[in-house]
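Presented below is the structure to which this report refers.
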Amino acid sequence: MVSASASNEAGLTVADVREYLQHNEWAAALDLLADLEWPADTAWWDLLIEVAESLWLADVAAWCHWRRFESVHGVIRADLTLVPPADGGRRLSVPGKGVLRPLWHIGQYMPDGHPNLLVARIWVENAPELAPGATGPVRLAPLTPAAWRDLRPSQTITMHEGRPVRGTATITERRLPADPGTASAPLRDPRDADDRRVLGPGPPVGDDRAGHGSRHRPRSPHHRPVA
């Protein structure tokens with residue numbers, strides 16, 4: 001099902017997946033399959049989610065849920081800098097696996113002139129969490145993806161929890177899905193059953209307690225972090 005040319009950021013390919021399978025390293029093979037960059041459809045991610053859940057690989061399943069969402073609504077990556085606690089920023093780290101759903105100002109305004117703040121989940125890349133005041137690469141999953149379609153690389157957006165600014169993010173990648181029409185419909189509340197299939201279950205908006213201290217996105221043993 002996967003092109004032989006598909007690879008992950010470390011340059012590993014389907015050939016490496018087959019090598020893992022030959023040595024009965026099922027978890028490593030599944031981990032690598034979930035990391036390959038290619039235009040996979042939702043059926044592929046549903047298959048990987050089913051396998052991950054059957055093997056009790058919760059972290060891999062969570063990542064596959066995230067990739068499934070991106071296959072429908074596109075990819076948003078950014079470098080996020082959190083406001084230091086001494087300046088009114090978060091005192092808790094941002095958990096890594098997409099459970100924190102803060103508000104974002106992406107440059108849109110309400111008719112009365114107030115910023116139109118939109119919800120998006122955060123997935124911290126290459127780390128289990130983003131420490132208070134730190135900077136790191138993240139992926140975003142908006143609650144209303146269509147409203148984020150016009151984002152462009154180098155654009156700056158701000159993260160809010162309540163009214164204060166808690167962080168500033170610079171967009172590094174905005175990749176629309178292969179079929180742009182699939183990104184036009186807004187999601188319902190992610191706590192609804194259908195949306196759990198997209199991103200997996202999560203706590204209410206702004207509540208990061210369930211994910212505090214959680215592991216980062218799983219990687220194959222040969223993965224090289226992005227500089």
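For Ala131 and Glu19, the difference between the fully extended length at 0.36 nm per residue and the C-alpha to C-alpha distance is 36.7 nm. The distance separating the Cα centre of region 132-178 from that of region 40-63 comes to 25 Å. Of the residues Leu143, Met110, Thr81, the one whose Cα sits farthest toward the positive end of the charge dipole of region 63-146, with +1 on the Cβ of Lys and Arg and -1 on the Cβ of Asp and Glu, is Leu143. Under the shape rule built on the C-alpha gyration tensor, where the axes satisfy a ≥ b ≥ c, region 67-130 is oblate, since a/c reaches at least 1.5 while a/b does not exceed b/c. Spin-label pair His114-Glu37: with each label point 7 Å from Cα along the Cα-Cβ axis, the two points sit 4.0 nm from one another.
Given their separation in residues at 0.36 nm each and the Cα-Cα distance between them, Ser54 and Thr144 gain 29.3 nm when the chain is fully extended.
For Ala10, nonlocal amide neighbours, meaning residues 5 or more places apart or on other chains whose placed amide H falls under 5 Å from its own, are Arg224. Here each label is just a point 7 Å from Cα along the line to Cβ, and for Ala86 and Ala10 those points are 3.7 nm apart. For Arg121, the amide hydrogen comes within under 5 Å of the amide hydrogens of Ala141, Leu143, counting only partners 5 or more places away or on other chains and with H modelled in the peptide plane.
Just so you know, all these numbers are worked out from the coordinates, no wet-lab data involved. What you are looking at is a predicted structure, and each value in this text was computed from that prediction instead of being measured. Note: ideal-geometry Cβ built from the backbone for every residue, glycine included; neighbour counts use all protein chains shown.
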